[in-house]
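Only one structure is covered here, and it is reproduced in the block below.
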Amino acid sequence: MVLKPDSTAPFHSARHVLRVLEAVSKHGGGVTEARISRESGLPAAHLSPLLTTLRREGYVERLADGAYVAGDSLALLSSGAAGRQALAARLETTLHELRDSVGAAVYLSRYIDGEIKVTQIADSPLTPAVNEYVDFRSTAHASAIGKCLLFQLDRNGRRDHLARHKIARFTSRTITSERLLLSRLDSQPPTVPVLDLQEYAVGTVCAAVPLTAGAAVGCLALSLPVEHAHRLRAAAETLHRRAAPMALSLTL
């Protein structure tokens, strides 16, 4: 499997998060936002919201003078197996908070050894997960999760996956043409959430945003009943804003 070139990577990839955390870690006494911007190569317009998210998740803290230092979550990241377990627990809490924030079931997925794997689901009686009536591993062409993961592969990787998991029709909206599917993946803007508008299951709409960490490929997704489709755009934007620290989960 080969990733697409970095020029198409979304802003919230772990590569950007790690550059920021590296800059903060180098300066134990605190570092200004301007210096983080210079050392990470991120412009202020992108850096400020990322720092806000990292503060919310505990990866950085802001001192009274405005400088940034490493937070508790960053310390856990480098503290071995126990720290990774603590981070996994924090990730679960974050996913549940995100579920409540967007009012939708939330999914964390990865592409591992050529297969789609949903690693975590945060749902509730008020925000039920979609019924997996067909194994997600066979639905890459129809689900937001699958299309988002395929989007991050190169063309050969996509064709290899589709050769092993034949395209099938699940609803009247399912794309059954491989050529059309590949064309849409090629034209998908890297910073726009991937959508599933009743392509996998009648009565459900979904959105997914990519997460990348080196060679690791993943995505963060949500699902809503179709009667709440009017909330999909706003929920997807929230998903996009909260995705940055989630990319670090790919390293756990």
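Listed values, structure above:
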| read-out | value |
| --- | --- |
| Odd one out for residue 218, checked against (1) open to solvent by 50 Å² or more (accessible area, probe 1.4 Å); (2) of a type outside the set (A, V, I, L, M, F, W, C); (3) closer than 28 Å to residue 113 by Cβ | (1) |
| Any pair with Cβ under 7 angstrom, 6 or more apart, that starts in the range 186-198 at a residue that is open to solvent by less than 60 Å² (accessible area, probe 1.4 Å) and ends at one that is part of a loop (DSSP other than H, G, I, E, B) and modelled with pLDDT of 90 or more | 194/188; 196/142; 196/143; 198/171; 198/173 |
| The range 113-131, residues that are hydrophobic (A, V, I, L, M, F, W, C) and over 15 Å from the mean Cα position of the chain (by Cα) | 126, 129, 130 |
| Within the range 110-148, tally of residues that are polar (S, T, N, Q), at pLDDT 95 or above, within 18 Å of residue 92 (Cα to Cα) and surrounded by 14 or more Cβ atoms within 10 Å (Cβ to Cβ) | 1 |
| Enumerated helices (runs of 4 or more DSSP H) restricted to the range 149-252, each holding at least 3 residues that are modelled with pLDDT of 95 or more and over 18 Å from residue 120 (Cα atoms) | 155-164, 178-187 |
| Count - residues of the range 104-131 that are in contact (Cβ under 8 Å) with a residue 40 or more places away in the chain and on the phi > 0 side of the Ramachandran plot | 1 |
| Those residues of the range 20-36 which are out of contact with any Gly (no Cβ under 9 Å at 6 or more places or on another chain) and closer than 18 Å to residue 245 by Cα, in sequence order | 20, 21, 22, 23, 25, 36 |
| Failed item, numbered, when residue 64 is tested on (1) open to solvent by less than 80 Å² (accessible area, probe 1.4 Å); (2) assigned to a loop (DSSP other than H, G, I, E, B); (3) modelled with pLDDT of 85 or more | (1) |
| Candidates 130, 102 - the one that is β-branched (Val, Ile, Thr), under 22 Å from residue 211 (Cβ atoms) and in contact with a Leu (Cβ under 8 Å, 6 or more places away or on another chain) | 102 |
| Residue list for the range 158-180, filter: in contact (Cβ under 8 Å) with a residue 40 or more places away in the chain and open to solvent by 10 Å² or more (accessible area, probe 1.4 Å) | 160, 164 |
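The values are calculated or read from the model by the stated rules, or taken from the named source; none is laboratory data. Quick caveat, the model's predicted, so the values are computed rather than measured. Cβ: placed from backbone, ideal geometry, glycine included. Neighbour counts: every protein chain shown. Ligands, DNA and RNA are excluded from the accessible area calculation, which covers all protein heavy atoms including side chains. Shrake-Rupley method; radii C 1.70, N 1.55, O 1.52, S 1.80 Å.
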